[in-house]
């Protein structure tokens, strides 16, 4: 009787594991990211009325994103995904937009000056590094792995705050 219960428990455990794996495969390894950007999340912290929202669907081969920002105290110059934990200012991994002409080919202009929205899709060709932190040019899988590990952040740079006016850590949560 005890052996039969153990066998039944093993079968139920395997079935559950197979269900989780099937759900992950069906979702293409996707993960939704939803974060609120503020100056208090910048490193060092910035006092600003500016705020924003970052939404992304992170997949194994592409990231669909939408970044909106408002009430910035300086004109937007660029926005990125950086590689760094919540207490560090890390290197740039991918450009979301730039008004400086410094992004890779195809980088879109940032919308508006102090309020706007940009959206797009990031792929391997959009990953610029940071090589010094272990993410080489085009290493999309490394960027996705860093996002899933919670060690990336999105931020918006402005004429008033060149290092970034608003930021949000892309946390490890809400996995599918």
Report summary line: All-but-one check, residue 121 against (1) surrounded by fewer than 17 Cβ atoms within 10 Å (Cβ to Cβ); (2) closer than 23 Å to residue 61 by Cβ; (3) in contact with a helix residue (DSSP H, G or I) (Cβ under 8 Å, 6 or more places away or on another chain); (4) in contact (Cβ under 8 Å) with a residue 12 or more places away in the chain, failing number (3)
Report summary line: Those residues of segment 60-97 that are surrounded by fewer than 20 Cβ atoms within 10 Å (Cβ to Cβ), without any contact (Cβ under 8 Å) to a residue 60 or more places away in the chain and more than 17 Å from residue 134 (Cβ to Cβ) come to a total of 6
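Scan 103, 138 and give me the residue that is more than 12 Å from the chain's Cα centre (by Cα), on the phi > 0 side of the Ramachandran plot and without any contact (Cβ under 8 Å) to a residue 40 or more places away in the chain.
Numbers: 103 fails: on the phi > 0 side of the Ramachandran plot.
Matching residue, one of 103, 138: 138.
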Requested in this report: Report, by residue number, each residue of segment 46-56 that is part of a strand (DSSP E or B) and touching a residue at least 60 places away in the same chain (Cβ under 8 Å).
Outcome: 51, 52, 54, 56
Query raised in the report: When both residues are 6+ apart or on different chains and their Cβ atoms are under 6 Å apart, which pairs have a first residue that lies in segment 30-45 and is farther than 18 Å from residue 79 by Cβ, and a second that is at pLDDT 95 or above?
Result: 30/57; 30/59; 31/58; 32/57
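Just to be sure, is residue 160 at negative phi and surrounded by fewer than 15 Cβ atoms within 10 Å (Cβ to Cβ)? Let's see the steps before the verdict.
Values: at negative phi: yes; surrounded by fewer than 15 Cβ atoms within 10 Å (Cβ to Cβ): no.
No, not satisfied.
The values are calculated or read from the model by the stated rules, or taken from the named source; none is laboratory data. Being a predicted model, the structure only gives us computed values, none of them experimental. For neighbour counting, all protein chains shown are included, and Cβ atoms are generated from backbone atoms with ideal geometry for every residue, glycine included.
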